[in-house]
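> Take a look at the following structure, please.
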Amino acid sequence: MKKKGIQQSYYNTKWINRLSVLGGSSVYIPVFLSALMQNNIRVKEIVLIGKNPDKLNVVSSFCKRMVDNVGYPLQIKETTSIEAGVEGAQIILSHIRVGGFLARIDYEKKPVNYDLIGDESFGAGSFLNAFYTLPVMLEVGQKIASINPTAYIINMTNPMGLVIETLTRFAGLQNVIGICETATSYKRFFSQLLNISERSIHIQYIGLYHLGAICDVCVRDRSIMVELIEKLEKEKIPNINNELFSIFNIIPSRALNIFLTKSDYLKEQKKKSIFRSEMLYEHEAKILNIYKDKTITTIPDVVYERNPSWYDDIIIPLICSLQKHRSDEHIICIPNKDYLTEFPFDTAVEIPCEISNKGLKPSIKTKLPEIFRGLFLTAKESDRLMMEAIINKSYNYALKSLTINPFVDSFTKAKLFLDEFMKREKIEWFK
């Protein structure tokens, strides 16, 4: 386990009586618990909720041994009942991955067979993910709405924007926050590049889910975007085309960079001998076997090969902000309430917000560049049609959604992909 040592008072938060984790059988949950303990977050009880009782028991048992080994005053419980698990929780962390990493392998690999980009968060892969995930999240959301509607739900489940809208628009939940590591990882990079503290950097990010752009970066209320872009052009940033910075005067998210370099990215995907999802699937099996050893009480190094830094960098600070009187800025995915007038009311958008125990307040101070307005609106319309298709079981909506999706380049490919998927899965939707 990569310990930093248990800090005595890193965050001064109120006691959280119960924190529940949907998808609690994930092998990465111990990293969340480690981050929680290292930052001295005061939680009395964590409930791990999982579908597979055997896997849940393995992960839960290891978590208990880890907590006991540290001597942290925290009770770990497990349950396969969503109703029992979410009851009384102040915060619910959604870590659900419908179908596990095997499903993610399909989302990444199957579109490539049709000359389409494969990813669980956008394009044809996102449609597959949404098809299996949204009905589950709707059912989960409805159960939470009937049992514990005031709890804060922190969502990590993809496709992010579609899940947020499912939970808010269709399940009727109000306190739903989606998180993504894009802006946080950039902030850390900017801090190192400029040799200034992360807390002094404020990022103006506008996105829909993973598709987005940093439109401005400020330090002490002064924009440093021009000098930052000049520095970034000289840096070698993995998976980002540096020319895009000065041409568009923005810093693109990974998904936006992929859209702007679609053909090159697809060529690279076609060359891959193994996809990231396949590596994660192999790692999961190794990790579970290690967790089964009752003499193991610390997190094995193989867990950190995925670099699950989002717990320390995003989840823990967000949980703390929800408990504190003083607000902190976070970039989150939430329903649009005229924060971005270009997009329909109540559709999911990703923007900076000030968050405290009083709630959240958007702190967006910039506009989406006009050059990307059409792209984002098309992506949002594709999302809307995708949700309508899945909820109403409509083939025509599904075909329209895929056809206009920015990551799908023709009606012919969209139709072939959809028809073969429906035939393979024996799905009969009305037209």
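Here, each number is a calculation from the coordinates, and none is a lab measurement. In this text, all values refer to a predicted model and were calculated from it rather than measured experimentally. Note that we place each Cβ from the backbone using ideal geometry, even for glycine, and neighbour counts take in every protein chain shown.
> Using the 2.2 N^0.38 Å rule of thumb for compact globular proteins, work out how segment 282-426 stacks up: its C-alpha Rg over that value, please. Don't skip to the end; give the middle numbers.
On the way: Rg = 21.3 Å, N = 145, 2.2 N^0.38 = 14.6 Å.
My calculation over the Cα atoms of segment 282-426 gives 1.46.
> In a Debye calculation with equal point scatterers on the alpha-carbon sites of segment 67-179 and no solvent, what is log10 I(q)/I(0) at q = 0.10, 0.21 Å⁻¹?
One equal scatterer on each Cα of segment 67-179 leads to -0.36, -1.07.
> Right, another one. Using Cα-Cα distances under 8 Å and only pairs 6 or more residues apart, what relative contact order does the chain have, in percent?
Normalised by residue count, the contact order of the chain is 16 percent.
> So what's Rg/Rh here for segment 145-297, counting alpha carbon atoms and using the Kirkwood radius for Rh?
We get a ratio of 1.05 for segment 145-297.
> Antiparallel DSSP bridges in the chain: what percent, to the nearest 5?
Around 55 percent antiparallel, to the nearest 5.
> Across the chain, where is the longest run that never hits GluC sites (Glu not before Pro) in a DSSP loop with at most 13 other C-beta atoms within 10 Å?
Working: sites that count: Glu233, Glu235, Glu425, Glu428.
The longest uninterrupted stretch comes out as 1-232.
> Evaluate the Debye formula for segment 374-424 with equal point scatterers sitting on the alpha carbons, no solvent, and hand back log10 of I(q)/I(0) at q = 0.25 Å⁻¹, in q order, two decimals.
At q = 0.25 Å⁻¹ the computed log10 ratios are -0.91.
> State the dimensionless ratio Rg/Rh of the chain (Rg: radius of gyration of Cα atoms; Rh: Kirkwood radius). Kindly include the intermediate steps, with their values, before the conclusion.
Numbers: Rg = 21.2 Å, Rh = 22.4 Å.
Ratio of gyration radius to Kirkwood radius: 0.95.
> Still on this structure, I have one more. Taking 32 Å as the cut-off for C-alpha to C-alpha distance, list the pairs among Lys270/Lys337; Lys231/Lys400; Lys109/Lys286 that go past it.
On the way: Lys270/Lys337 40 Å; Lys231/Lys400 42 Å; Lys109/Lys286 22 Å.
Long pairs (Cα-Cα over 32 Å): Lys270/Lys337; Lys231/Lys400.
> Over 12 Å, how big is the tail of the calculated P(r) for segment 251-314, in percent of all Cα pairs?
Above the 12 Å cut-off, segment 251-314 has 77 percent of its Cα pairs.
> Starting from segment 244-318, pick out the trypsin sites (Lys or Arg not before Pro) whose DSSP state is loop and whose Cβ has at most 15 other Cβ atoms within 10 Å.
Taking segment 244-318 and a limit of 15 other Cβ atoms within 10 Å, the loop trypsin sites (Lys or Arg not before Pro) found are Lys272, Lys294.
> So how strong a dipole does the chain carry about its Cα centre when Lys and Arg Cβ are +1 and Asp and Glu Cβ are -1, to the nearest 20 debye?
Charge dipole, the chain, about its Cα centre: 680 debye, nearest 20.
> I need the phi-derived Karplus couplings for segment 307-315: 6.51 cos²θ - 1.76 cosθ + 1.60, θ = phi - 60°, integer Hz, Gly and Pro marked x.
Once θ is set to phi - 60°, the couplings for segment 307-315 become 6, x, 7, 5, 5, 5, 7, 10, 5 Hz.
> Rg/Rh for segment 340-431: what does it come to with C-alpha atoms and Rh from Kirkwood?
Radius of gyration relative to Kirkwood radius: 1.11.
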